[in-house]
1. When the Karplus curve 6.51 cos²θ - 1.76 cosθ + 1.60 is applied with θ = phi - 60°, which whole-Hz ³J(HN,Hα) does each residue of region 357-367 get, with x for Gly and Pro?
2. Once you have a ≥ b ≥ c as the square roots of the Cα gyration tensor eigenvalues for region 330-456, tell me rounded if a/c is under 1.5, and otherwise prolate or oblate according to whether a/b is larger than b/c.
3. Ranking request for peptides 193-199, 243-249: highest mean number of other beta-carbon atoms within 10 Å first, then the rest in descending order.
4. Give the cross-link partners of LYS293 among the lysines, using a straight C-alpha distance below 16 Å as the criterion and excluding same-chain residues fewer than 8 apart.
5. Taking 0.36 nm per residue of separation and subtracting the Cα-Cα distance, what length does fully extending ASN147 through THR248 add?
6. Note the full-extension length gain between LYS370 and LEU233 as 0.36 nm times their separation in residues minus their Cα-Cα distance, in nm to one decimal.
7. Residue-wise, which Karplus ³J(HN,Hα) couplings in Hz belong to region 87-101, taking 6.51 cos²θ - 1.76 cosθ + 1.60, θ = phi - 60°, and x for glycine or proline?
8. Give the cross-link partners of LYS422 among the lysines, using a straight C-alpha distance below 17 Å as the criterion and excluding same-chain residues fewer than 8 apart.
Amino acid sequence: MHAPKIVFLLSETEYLLLRKITRTIFMTSPTNRRHFLRGTGALIALPALESIGFRSFASAAEKAKARPSKRAVFMGMGFGVTKETWYPALEDTGADYKLTEGLAPLARHKKDFTVVQGCSNQYANEAHWGSTFWLTGANRYSVPGQNMANSISADQVVAQRLGQETRFSSMQLDSSDDSASGHGPGLSLSWDQRGKPVAGSKDPVQVFHKLFSSDDLPLAQRQAAINQKRSVLDAVLTEAKRVQRGLTKTDNDKLDEYFQGIRDIETRLGKDEDWLEVPKAQAPIEEPPAGLKGKEEIEMMHNLIIAALQTDNTRALTYRMPGQALLKSMDFTHSAHNVSHYSPGERMEASKARDKMHSTLLAGFMDKLKAAKEADGSSLFDHTSLAFGSNISSIHYLDNCPTLLAGGGANLKLGQHLALPKDTPLCNVWLTMLQGLGIQTERHGDSSGIVKELQA
């Protein structure tokens, strides 16, 4: 007879304590520790255990039927699209809408994605900042005395909720030519809970090694390196607290932000320590060749995203895609900026060709998501929510952000063209997506509510 499961709630402190206590046990146990600790403040279910070996009563077949995890991928382009040929006609909505020239390469996936029109970020006012506020909807002037402020991006909300069990809470991929692609300030599409930029990885080779290459340093040396970093943080924190007395409110606010930064580093060090003795997953793909640019870079980043999701290295991923390098790989000599300022003629043709290439690459990525199988026989596509778009619609226009949603992860209503009222907050789409992923949050950015037409 199986022993009953014990379910209880843990505070963050209790969770961290339990994690330390169980680390040694689980390093010598066949049970996967990531399936034991479900995350800070979350329900933790202890499976039925037997003797000291902690062997599970569940059969291999039962484990194979376990529901796959949900994931989210956000892919952003810089300068927007060709307005005349990318958007479906406003009156042509529903499931039977006609695919446009810019979306035509996606025809084989038509029932599996939804195009949303009418959304914008109300505070957006920079025509060349295609990603800075795309996932945040923040007001850059919200902090008095600062000309640039931001808030948490949708992917980082996903990371906070779904990234506790994975080696990387989130992964940020960035283009090798971000400064020429109209993305604006930031180091990736991601912004942390303080509205600070999260760094991204630009090189596919580095991404591959981060995911799959083992650290050859002995365990003791790696632990010592983490301890040394902690000692440095402790010394810095002590000194910062010493000078805190007598500071002005403004300086204290700056110091509080500094303290938060230290806490963030401590959190990352804790994550590194958790995975110190867990071998990295075997790479399902070959190491990428060096020097990939443009179209080839995007295709390889797509392969790495699939590999990262397949191996459960992460469940929250962003990719800020190249613009200038993509055009160059397509044999266009115009700059990405000039192509974005198209008018009928050569630059407009380049803009239209870029749109079709984006759709072709996106279709190929969706093919790969569908081909990758989960343990229960479903596809990676069935459990991944995919967002593709930009904060810029076209030229200098910041309304009607191009938005395409796909995948089954967020339980959205796919296979339709949806025209929402003009200036609907784009964050309403992100809020709907977050809730569809099972993340209980009432608002995101400047959201005013969910998009009911998107709910399956």
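1. Computed from phi, the couplings for region 357-367 are 5, 4, 5, 5, 5, 5, 4, x, 5, 5, 4 Hz.
2. Values: a/c = 2.86, a/b = 1.35, b/c = 2.12.
Oblate.
3. Working: 193-199: 15.7, 243-249: 9.3.
Highest-to-lowest ranking by the protection proxy: 193-199, 243-249.
4. Partners found: LYS202, LYS328.
5. Numbers: separation 101, 0.36 × 101 = 36.36 nm, distance 2.09 nm.
The span from ASN147 to THR248 would gain 34.3 nm if fully extended.
6. Stretched fully, the LYS370-LEU233 segment lengthens by 44.9 nm.
7. 7, x, 4, 4, 7, 9, 10, x, 7, 9, 5, 8, 5, 7, 4
8. In chain and number order, the partners are LYS83, LYS452.
Only the coordinates and a few stated rules stand behind these numbers; no lab work does. Everything numeric here is computed off the predicted structure, so don't read it as measured data. FYI the Cβ positions are ideal-geometry reconstructions off the backbone, even for glycines, and counts take in every protein chain you see.
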